[in-house]
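Here is the structure we will look at, set down as C-alpha cells.
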Amino acid sequence: MQLLDGKVISERLKVRIAEESAQLLSSIGRKPHLAAILVGNDGGSETYVASKIKNCEKVGFTSSLFRYDGSVTERELLDKIEEVNNDDDVDGLIVQLPLPKHIDPEKVTEKISYKKDVDGFHPLNLGRMVRNLPCFIPATPYGILMMLEEYQIDTVGKSCVIVGRSNIVGSPMSILMSRNDCPGNCTVTLTHSKTKNLKDIVLSADIIVAAIGRKHFITADMVKEGAVVIDVGINREASAVTKSGFKLYGDVDFDMVAPKASWITPVPGGIGLMTIVGLLKNTLASARRDIYP
Ligand code: NDP
C-alpha cells in the first residue's frame, strides 16, 4: 500500500500557487482576493472557513470574511452576495454550507456570479464541466483530480465506483472520471443509498471514491486487492483526548482497507487538504481571468 499524501501534495501545490500569485501581483499590481460568507456557528463550518482564510494568507491572497448570525434573512444574504458580485476587487466568493433551514441553498448558489463561483457549484459552471469546457470545477473533485495527477495514477479504462451522489462531490466526480480527459476515461458507476448489491459493485472497482458521510462505511470485504481508494468523508466525533475536542474519521475503514489497497488517502491529511488547493487554484484562475476573460 502507498499513501496518497494530501499533506505533501497540497504543500507542493501551494508553493506553486504562491509563486503564481506573486507573479500576478508584479504584473497587474493586485493579489487574488477570496471572499467567504459564514452563517451561524456550526463547528465544522467554522473550522473549514478558518482553514480557507489561513491558506489564503499562506499563498499571498487577500481574503475577506463576512459573518452572519443564524437568524439572517435570505434577502439580506442575497443582497450581500449581489454586493460582492459587483465588487471588482473580489475574484472569488464562497458561501459556506450548510445554511440554516430558512435559507434556500439553491437560490444562494445561483445568486453567486458564475464568474466568481470558485466553489464550482453554479449550474453554469456545472453545465460547462459536463461539456468539458473551461469552468470552475467543484473544489473537492478538482482536488481529487490533482491528487491522481500528481501521483500519476493511471485511470484510463479503469472501473471507477463512486459512493454518494451529492451535487458537490459524487455527481461531479462521476462526470470528471468519465470524461475523455486526463485523469478520466474511466468506466464509472455512481452509487447511492438506493443502490442494490452495493458491496459487489464496490468490490469490482479499480478506483473507489467514497463520499457518503458515514464513518468507516467502506470495509475491507468491499475492496478488491490493488484498488485505489479515495476517501472524501469527514466525520467529526467528540473526543476527550484531542486538543480540539473532536476527532475526524473517514468513510473508509483505513486500518482494515489499507493492506488491500494499492493507493489510499488518509483522513485527515487527504482530500480535505486537496479541496483547499482546488479552491485556491480556482481563485487564482479567476484573478487571472483564465476562464472568463
Ligand atoms: P451528502 O450527505 O450530500 O450525500 C451523501 C451521499 O451518500 C448521498 O448521495 C447518499 O445517497 C449516499 N449514501 C448515504 N447512505 C448511503 C448508503 N447506506 N449506501 C450508499 N450510499 C449512501 O454528502 P457530501 O457529498 O456532501 O459529503 C460526503 C462526505 O464527504 C461527508 O463526510 C462530508 O463531510 C465529506 N466532505 C468532505 C469534503 C472534503 O473536503 N474532504 C468536502 C465535502 C464533503 P442518497 O442520495 O440516496 O441519499
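The values are calculated or read from the model by the stated rules, or taken from the named source; none is laboratory data. Computed from a predicted model, the values in this text were never measured in an experiment. Quick reminder, even Gly has a Cβ in these numbers, built from the backbone with ideal geometry, and neighbours come from all protein chains shown. Side chains are part of the model used for accessible areas, which takes the heavy atoms of the whole protein and leaves out ligands, DNA and RNA. Shrake-Rupley method; radii C 1.70, N 1.55, O 1.52, S 1.80 Å.
Structure above, values below:
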read-out	value
One residue from Arg75, Arg67 being more than 22 Å from Pro138 (Cα to Cα), touching a residue at least 12 places away in the same chain (Cβ under 8 Å), open to solvent by 10 Å² or more (accessible area, probe 1.4 Å) and not hydroxyl-bearing (Ser, Thr, Tyr)	Arg67
Region 112-142, residues that are in contact with a His (Cβ under 7 Å, 6 or more places away or on another chain) and not β-branched (Val, Ile, Thr)	Tyr114
Matching residues in region 108-163 - criterion: being of a type in the set (Asp, Glu) and either surrounded by 19 or more Cβ atoms within 10 Å (Cβ to Cβ) or closer than 11 Å to Pro183 by Cα (or both)	Asp117, Asp119, Glu149, Glu150, Asp154
Set Arg214, Arg236: member being at pLDDT 95 or above, open to solvent by 10 Å² or more (accessible area, probe 1.4 Å) and within 20 Å of the chain's Cα centre (by Cα)	Arg214
Verdict on Ser166 being within 16 Å of the ligand (Cβ to nearest atom), in a loop (DSSP other than H, G, I, E, B) and surrounded by fewer than 15 Cβ atoms within 10 Å (Cβ to Cβ)	no
Failed condition for Leu176, given (1) at negative phi; (2) touching a residue at least 60 places away in the same chain (Cβ under 8 Å)	(2)
Matching residues in region 206-244 - criterion: being out of contact with any helix residue (DSSP H, G or I) (no Cβ under 9 Å at 6 or more places or on another chain) and either assigned to a loop (DSSP other than H, G, I, E, B) or in contact (Cβ under 8 Å) with a residue 60 or more places away in the chain (or both)	Asp206, Gly213, Arg214, Lys215, Phe217, Ser239, Ala240, Val241, Thr242, Lys243
Selection within region 258-290 - open to solvent by less than 30 Å² (accessible area, probe 1.4 Å), more than 16 Å from the ligand (Cβ to nearest atom) and not hydroxyl-bearing (Ser, Thr, Tyr)	Ala258, Ala261, Leu284, Ala285, Ala287
Filter result for Thr109 (touching a residue at least 12 places away in the same chain (Cβ under 8 Å), within 16 Å of the ligand (Cβ to nearest atom) and in a helix (DSSP H, G or I))	yes
Residues satisfying the stated conditions in region 183-206, i.e. within 18 Å of the chain's Cα centre (by Cα) and either on the phi > 0 side of the Ramachandran plot or of a type in the set (A, V, I, L, M, F, W, C) (or both)	Gly184, Leu190
Test: residue in region 171-180 that is near the ligand (Cβ under 10 Å from one of its atoms), part of a loop (DSSP other than H, G, I, E, B) and crowded, with 19+ Cβ neighbours inside 10 Å	no
Residue ID - surrounded by the most Cβ atoms within 10 Å (Cβ to Cβ), chosen from residues in region 31-48 that are of a type in the set (D, E, K, R) and modelled with pLDDT under 95	Asp42
Filter result for the condition that a residue is more than 8 Å from the ligand (Cβ to nearest atom) and buried (at least 17 other Cβ atoms within 10 Å of the Cβ), over Asp231, Asp221	Asp231
Given (1) surrounded by fewer than 18 Cβ atoms within 10 Å (Cβ to Cβ); (2) more than 9 Å from the ligand (Cβ to nearest atom), number of the condition Val252 does not satisfy	(1)
Complete set of residues in region 192-211 that are away from the ligand (no atom under 12 Å from the Cβ) and either exposed (fewer than 15 other Cβ atoms within 10 Å of the Cβ) or acidic (Asp, Glu) (or both)	Asp200, Ser204, Asp206
